[in-house]
Amino acid sequence: MRRLREDRRRGEMERLFATEKIGGRALYKLQAITVLVGIYLVLCYRVTHVPAAAAGRAAWLGMLAAELWFGFYWVITQSVRWCPIRRRAFKDRLAARYGERLPCVDIFVCTADPQSEPPSLVMATILSLMAYNYPPEKLNVYLSDDGGSILTFYALWETSAFAKHWLPFCRRYNIEPRSPAAYFPQSDKPNDPRAFEEWSLVKGLYEEMTERIDSIVRSGKVPEEIKVNHKGFSEWSTGGNSKDHQPIVQILIDGKDRDAVDKEGNALPTLVYMAREKRPQYHHNFKAGAMNALIRVSSMISNSPIIMNVDCDMYSNNSDSIREALCFFLDEETGHKIAFVQYPQNYNNMTKNNIYGNSLNVINQVEMGGMDAWGGPLYIGTGCFHRREALCGRTFTKDYKEDWDRGIKTQQRIDLSEEKAKSLATCTYELNTLWGNKIGLKYGCPVEDVITGLAIHCRGWRSVYNDPPRAAFVGVGPTTIAQTILQHKRWSEGNFSIFLSKYCPFLFGHGKTRLPHQMGYCIYGLWAPNSLPTLYYVVIPSLGLLKGTSLFPEIMSPWITPFIYVSVVKNIYSLYEALTSGDTLRGWWNGQRMWMVKRITSYLYGVIDNIRKLLGLSKMGFVVSSKVSDEDESKRYEQEIMEFGTSSPEYVIIATIALLNLVCLVGGLAQFLTSGQNMLLNNFFLQVILCGLLVVINIPIYEAMFLRKDRGRIPFSVTLASLGFMMLALFVPIV
Ligand SMILES: O=c1ccn([C@@H]2O[C@H](COP(=O)(O)OP(=O)(O)O[C@H]3O[C@H](CO)[C@@H](O)[C@H](O)[C@H]3O)[C@@H](O)[C@H]2O)c(=O)[nH]1
Ligand SMILES: [Mn+2]
């Protein structure tokens with residue numbers, strides 16, 4: 001008996017990863033249950049106190065509907081908070097067991113446009129990936145260029161040469177991070193003279209290369225004398241543009257070539273450039289289309305059992321991420337169930353107080369770990385390691401054995417592989433096949449990643465979330481309110497469209513994944529519809545305040561308790577989560593403002609666009625977010641001043657709501673003061689608080705309208721339009 005227990009303990013000892021429960025659940029559950037009771041009481045009050053017609057009954061029923069929704073949505077969000085877990089990978093155990101007998105890995109990087117995604121930024125990412133602490137002959141890096149740009153190809157060609165210096169340098173000094181763009185600005189000069197010499201040499205080479213790339217990108221043309229250096233440049237000699245060109249596949253470094261070695265004679269990872277064919281008459285399905293072409297092209301060239309993919313701005317910040325991911329896949333006990341290992345999406349350009357609420361801290365630290373407990377995190381499109389077979393549509397079965405040795409060592413001539421690979425990247429290849437549906441990433445959804453991950457979960461696989469102390473990937477997040485609104489429009493629209501489709505997690509996932517897992521997916525699926533009750537809540541109670549329609553219990557009524565309890569406790573808990581996830585107090589406050597802003601703009605558009613799509617009035621789009629901003633803008637961003645500047649309809653919505661609340665608060669309070677009836681204030685206590693909080697949270701909006709003089713202020717035309725809409729809104733009767 002004792003032996004058995006010891007054996008078992010030893011067995012556990014040797015797992016390649018550990019799963020830990022996150023503590024504090026008893027307190028959390030107590031909180032959650034009391035809030036649930038509070039929500040129930042709020043709804044009871046609403047139902048039992050409906051006023052007479054003409055005394056605000058319609059407005060009251062609207063409040064009931066909004067609160068029903070908020071209550072329901074709150075329940076949905078508890079799924080991921082119930083029993084979150086954390087994973088830890090043991091890469092030394094992996095090393096002890098497997099040494100360097102590790103599987104081949106294909107790495108996919110997607111880029112789409114050399115203007116909004118500067119090639120020098122993309123190349124820093126590529127270099128960081130080539131420099132993984134992993135046997136180079138087992139690494140294959142693919143760049144998909146949806147811009148089909150000779151500038152990007154040129155940059156990759158430069159990179160293939162610089163890599164010969166960069167990789168040995170990284171290895172010799174074991175540096176982190178391995179993106180030269182991130183490393184040099186933060187590294188100190190080495191003291192040792194020999195190290196310093198090499199450091200300066202590599203730094204110099206890198207800076208010269210970046211200089212060349214940037215200036216050629218600025219000029220928009222690759223000089224003829226450079227083009228003679230590689231046959232690949234001739235792909236652009238036939239004309240064509242980013243929307244209309246033949247398929248291009250160029251192997252810049254062939255890892256199987258014995259002559260392809262770095263400065264120290266070590267093997268190099270394979271490096272491939274791909275621009276799939278584009279023709280105006282064929283839909284290219286955005287990033288999902290690019291990924292699927294990469295899956296096929298790579299199957300010709302390297303065919304590794306593991307595929308990792310990142311966005312072009314997400315450099316590797318931790319050279320051990322591949323080994324860590326393999327701890328999950330190769331774990332003897334549960335590895336065979338895992339389809340993908342997702343790392344969080346971290347940004348390196350967030351300001352201290354997270355002015356646009358883009359840090360994703362709570363999603364990364366709370367929600368993803370919560371999903372992991374129920375079957376696995378979502379696939380979020382970047383920083384993810386896939387099992388090729390699962391991504392290509394295989395259903396999980398207990399008896400499936402992965403062939404970890406796969407990864408063709410073709411003796412085929414490189415030009416033959418290129419030609420074959422090109423035929424897999426044409427517009428017509430996918431016609432009448434299951435690609436984009438059962439095979440590869442799914443088409444037709446602006447969040448191709450989430451829907452693909454959901455399908456994988458529903459095919460019986462699980463996924464794992466790994467968030468090591470040293471971030472695995474770091475990228476560029478949106479730095480203006482416009483970019484933030486745009487990104488969240490795509491996300492909320494995409495996730496809501498999944499909810500409305502046959503892939504609705506509750507229907508599609510029924511019987512295939514657990515209910516809390518389905519609820520977890522719906523946290524994002526239901527972002528968009530949150531817009532309507534939120535709009536209602538930021539408009540109607542304030543108007544009621546101005547017009548003398550009371551919509552909440554009186555200050556002396558016992559019914560006021562659940563209202564206060566729910567809002568106070570819910571916000572304290574959200575503050576607690578934010579603080580423990582790394583936000584600041586101000587950052588949390590800014591985040592609350594951004595939730596409101598996103599709900600009344602991005603999410604509203606998300607709803608409207610879904611309705612238009614259902615009616616067949618609009619088609620799906622994917623607007624690439626810019627990874628550059630002008631100097632003036634960046635300065636304000638550093639100072640955490642909100643950036644408006646242009647007159648877009650979103651700003652009109654934001655400004656209208658802000659103005660409306662200001663007018664209602666001032667107007668409402670003035671009435672009480674002039675009438676001298678304190679009694680009135682009793683009936684409107686919560687409305688004053690709500691409206692007052694909305695005014696306080698909107699202070700930066702008023703500043704942008706009336707006080708600021710810089711270029712990022714809200715343009716006068718927007719203010720004017722908002723004033724107009726606000727006056728119109730004042731006429732809305734509260735019945
Ligand atoms: O037609 C396209 C459009 C985009 N991309 C690439 O897709 C990536 C993501 O685009 P980005 O504009 O940076 O969007 P984000 O909002 O930052 O992306 C998040 O959300 C997307 C889904 O909406 C996911 O695909 C991403 O992985 C995830 O990081 C970038 O590398 C682009 O180059 C393409 O390859 N082809
Ligand atoms: Mn991005």
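Per residue, the convex hull spanned by the Cα atoms of segment 469-626 amounts to 196 cubic angstrom.
Using a cut-off of 28 Å between Cα atoms, the listed pairs LYS337/LYS420; LYS398/LYS438; LYS502/LYS627; LYS352/LYS570; LYS512/LYS598 include LYS337/LYS420; LYS502/LYS627; LYS512/LYS598 as exceeding that distance. Using only side-chain charges placed at the Cβ, +1 for Lys and Arg and -1 for Asp and Glu, the dipole size of segment 590-734 relative to its Cα centre rounds to 380 debye. In whole angstrom, segment 447-496 maps to an equivalent ellipsoid with semi-axes of 25, 20, 6, each derived as √(5λ) from the alpha carbon gyration tensor and ordered largest first.
Computed over segment 242-292, relative contact order equals 42 percent, with contacts defined as Cα pairs under 8 Å that lie 6+ residues apart. The three principal axes of the C-alpha atoms in the chain carry coordinate ranges of 90, 75, 61 Å, sorted with the longest axis first. Once you divide the Cα radius of gyration of segment 619-700 by 2.2 N^0.38 Å, the number left is 1.63. Couplings for segment 560-573, taken from phi via the Karplus curve 6.51 cos²θ - 1.76 cosθ + 1.60 with θ = phi - 60°, read 5, 4, x, 4, 5, 4, 4, 5, 5, 5, 4, 6, 4, 5 Hz in order; Gly and Pro are left as x. The calculated P(r) of segment 584-649, using every Cα pair and 5 Å bins from 0, goes 4, 12, 14, 19, 21, 14, 9, 5, 2 in percent. Shape summary: segment 23-118 maps onto an equivalent ellipsoid whose semi-axes, from the alpha-carbon gyration tensor, are 52, 26, 8 Å in decreasing order.
About its Cα centre, segment 414-453 has a charge dipole of approximately 180 debye under the convention of +1 per Lys or Arg Cβ and -1 per Asp or Glu Cβ, with nothing else charged. Note on segment 241-352: Cα convex hull, mean projected area over all directions, 11.5 nm². When you work out D = kT/(6 pi eta Rh) for segment 131-195 at 37 °C and 0.692 mPa s, using the Kirkwood radius from C-alpha pairs as Rh and the Stokes-Einstein form, the result is 237 µm²/s.
Computed with every protein chain present, the accessible area of LEU431 is close to 90 Å² [probe 1.4 Å]. Taking one quarter of the surface of the C-alpha convex hull of segment 372-450 gives a mean projected area of 8.0 nm². Ranked from largest, the principal axis spans of the Cα set of segment 186-313 equal 60, 40, 31 Å. Translational diffusion of segment 83-167 was estimated from the Stokes-Einstein equation, with Rh taken as the Kirkwood radius over Cα pairs; at 20 °C and 1.002 mPa s the coefficient is 143 µm²/s.
Here's the picture: charge each Lys and Arg Cβ at +1 and each Asp and Glu Cβ at -1 in the chain, and of ILE701, TRP559, THR428 the one pushed furthest to the positive end of that dipole is TRP559. Taking all protein chains as they are arranged and a probe of 1.4 Å, the heavy atoms of THR426 leave approximately 40 Å² accessible to solvent.
Using a probe of 1.4 Å on the protein chains alone, the accessible area found for TYR379 is around 0 Å². Give me the angle, in degrees from 0 to 90, between the Cα long axis of helix 531-547 and the longest principal axis of the Cα atoms of the chain, rounded to the nearest 10. Tilt relative to the chain: about 30 degrees.
Taking every DSSP beta bridge with both residues inside the chain, roughly what % is antiparallel (nearest 5)? Taking every DSSP beta bridge with both residues in the chain, the antiparallel ones total about 45 percent. Under 5 Å from the amide H of SER618 lie the amide H atoms of LYS613, each residue being 5 or more positions distant or on a separate chain, with H modelled from the backbone and absent for Pro and chain starts.
Against the main long axis of the alpha-carbon atoms of the chain, helix 414-423 sits at an angle near 40°. Look at the dipole of segment 294-433 built from charges on Cβ: of TYR343, SER298, PHE396, the Cα furthest out on the positive end belongs to SER298. Rounded to the nearest 20 debye, the dipole size of the chain about its Cα centre is 2260 debye, using +1 on the Cβ of Lys and Arg and -1 on the Cβ of Asp and Glu. One way to sum up the overall shape of segment 522-584 is the equivalent ellipsoid from its Cα gyration tensor, whose semi-axes run 27, 19, 11 Å, largest first. Once the Cα atoms of helix 602-614 and of the chain are each reduced to a long axis, what angle between those two axes, in degrees from 0 to 90 to the nearest 10, is obtained? Helix 602-614 sits at roughly 80 degrees to that axis.
With a 1.4 Å probe rolled over the protein heavy atoms of all chains, the accessible area of ARG599, ARG218, ARG172, ARG388 falls in the order ARG218, ARG172, ARG599, ARG388, largest first. Residues THR397, THR561, THR125 ordered from highest to lowest accessible area at a 1.4 Å probe: THR561, THR397, THR125.
Helix-derived [θ] at 222 nm for the chain: sum -39500 (n - 2.57) over DSSP H runs of at least 4, divide by residue count, nearest 500? Estimated from H runs of four or more residues: -16500 deg cm²/dmol. Between the residues THR334, GLY369, ASN353, the greatest Cα displacement towards the positive end of the dipole of segment 316-395, with unit charges on the Cβ of Lys, Arg, Asp and Glu, is found for ASN353.
Computed over protein heavy atoms with a 1.4 angstrom probe, the accessible surface ordering of ASP403, ASP313, largest first, is ASP403, ASP313.
Pairwise alpha-carbon distances in segment 174-232 exceed 19 Å for 46% of all pairs.
The values are calculated or read from the model by the stated rules, or taken from the named source; none is laboratory data. Treat the numbers as computed from the prediction; the structure is a model and nothing was measured. A quick note on method: Cβ atoms are made from the backbone with ideal geometry, for glycine too, and the neighbour counts reach across all protein chains shown. Please note that ligands, DNA and RNA were not included when accessible areas were found on the heavy atoms of the full protein model with its side chains. Shrake-Rupley method; radii C 1.70, N 1.55, O 1.52, S 1.80 Å.
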